[in-house]
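The values are calculated or read from the model by the stated rules, or taken from the named source; none is laboratory data. Note that the structure is a prediction, hence the values are computed from the model and not measured. Neighbour counts are summed over all protein chains in view; Cβ atoms, including those assigned to glycine, are modelled from backbone coordinates with ideal geometry.
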Amino acid sequence: MLDRKFIVENVSAVKKNCDDRGMKADVDRFVELDELCRSKLNDVQELNRQANEVSKSIGKAKDADEREARKDEGRRLREQKDAAQADHDQLLEELIAIQRAIPNMAHPDAPIGVDDKSNLEVGRGSTAIREFDFKALDHVELSEKHNLIDFASAAKTTGTGFYFLRNDGVLLDYALQRYALDVMQRHGFDITTTPDLARNEILEGIGFNPRSGEETQVYSVADSELSLIG
C-alpha cells in the first residue's frame with residue numbers, strides 16, 4: 001500500500017499509474033481527505049491541550065463557584081474534543097478505503113495493457129528449446145507417471161485444486177527451496193522464518209488487498225484480527 005505522503009506529493013504519477021493499471025481510485029478525494037484529517041487532528045490536539053490546562057487550574061480556583069465553572073469548561077472542551085475525534089476517525093476511514101484501492105507503482109519498464117497479451121518478451125536463455133521425435137508430456141503428466149504427485153488423495157482429504165508431493169517430488173521441492181535460500185545468502189540477505197499468522201493491518205500494509213471478489217484468497221482466524229500468510 002502506497003504511503004500517504006507519497007500519494008499527496010506525487011498525484012499526477014499516482015493517477016497515471018491507476019489509469020495504466022486499469023484501477024479506479026479517487027486520488028483527488030484522497031488528497032482532500034488527507035488535508036481534512038490533518039486539520040481535524042490539529043483541532044483534537046488543541047482541544048485536548050486546552051482541556052488539560054483547565055483541569056490543572058481547577059485546584060487554583062478562588063471559590064466553589066469558580067471551581068464548578070472551570071469543571072463545566074473542562075467538560076465542554078472534552079465533549080468538543082470527542083466530537084472532533086469522531087469526525088477525524090470518520091474521515092480517516094474513508095481515506096484508508098481509497099488508499100487501499102490505489103495500486104502500487106508499476107516498474108517504469110513494465111508494459112501497459114489490460115491482459116497478458118500486452119507482455120513483452122525481454123529475452124531468452126542460451127539453451128535452445130529441445131525438440132522431441134515423440135509427443136512430449138507436460139509436467140503434470142510426467143509427475144503422475146513417475147509417482148511424484150498425487151491429486152486423487154489430496155482431493156479426498158482437502159478438496160480439488162490440491163495435491164500431495166511424493167518421493168523424488170518432495171526432494172525436488174526441498175532442493176529448490178534450499179537453492180533459493182543459498183542464492184539469497186550469496187546476495188547478502190538475512191534468512192528468516194516467520195509465524196504462519198499476521199495481523200490484518202500488516203497484510204494490508206504490504207499491499208495484499210484483494211479486489212474484485214478475490215476475498216476468498218484471505219484465510220482469517222475466527223474471532224481475531226489474524227490471517228494466514230503465504
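Residue-by-condition table, conditions (1) more than 21 Å from ILE112 (Cβ to Cβ); (2) under 26 Å from the mean Cα position of the chain (by Cα); (3) of a type in the set (Phe, Trp, Tyr); (4) assigned to a helix (DSSP H, G or I):
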{"position": "ALA25", "(1), (2), (3), (4)": "no, yes, no, no"}
{"position": "PHE30", "(1), (2), (3), (4)": "yes, yes, yes, yes"}
{"position": "LEU33", "(1), (2), (3), (4)": "yes, yes, no, yes"}
{"position": "LEU36", "(1), (2), (3), (4)": "yes, yes, no, yes"}
{"position": "LEU41", "(1), (2), (3), (4)": "yes, yes, no, yes"}
{"position": "ARG49", "(1), (2), (3), (4)": "yes, no, no, yes"}
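If you check LEU77 against the conditions, is it surrounded by 14 or more Cβ atoms within 10 Å (Cβ to Cβ), part of a helix (DSSP H, G or I) and within 22 Å of the chain's Cα centre (by Cα)?
no
Could you say whether any residue in the stretch 101-110 is out of contact with any strand residue (DSSP E or B) (no Cβ under 9 Å at 6 or more places or on another chain), touching a residue at least 60 places away in the same chain (Cβ under 8 Å), within 30 Å of LYS16 (Cα to Cα) and not in a loop (DSSP other than H, G, I, E, B)? Within the stretch 101-110, one or more residues are out of contact with any strand residue (DSSP E or B) (no Cβ under 9 Å at 6 or more places or on another chain), touching a residue at least 60 places away in the same chain (Cβ under 8 Å), within 30 Å of LYS16 (Cα to Cα) and not in a loop (DSSP other than H, G, I, E, B).
Taken together, the criteria place ARG67 among residues that are surrounded by fewer than 16 Cβ atoms within 10 Å (Cβ to Cβ) and without any contact (Cβ under 8 Å) to a residue 12 or more places away in the chain. Scanning the stretch 7-23 for residues that are outside any helix (DSSP H, G or I) and charged (D, E, K, R) gives a single hit, ARG21. With respect to the conditions (1) at pLDDT below 90; (2) not in a helix (DSSP H, G or I), ASP190 falls short on a single one, namely (1). Just wondering, is there one or more residues in the stretch 132-153 that are of a type in the set (Lys, Arg), exposed (fewer than 10 other Cβ atoms within 10 Å of the Cβ) and either in the same structural domain as ASP19 (by TED's automatic domain parsing) or assigned to a helix (DSSP H, G or I) (or both)? No, every residue in the stretch 132-153 fails to be of a type in the set (Lys, Arg), exposed (fewer than 10 other Cβ atoms within 10 Å of the Cβ) and either in the same structural domain as ASP19 (by TED's automatic domain parsing) or assigned to a helix (DSSP H, G or I) (or both).
Across the stretch 5-21, the number of residues qualifying as closer than 14 Å to LEU95 by Cβ and either touching a strand residue (DSSP E or B) at 6+ places or on another chain (Cβ under 7 Å) or at pLDDT below 95 (or both) comes to 0.
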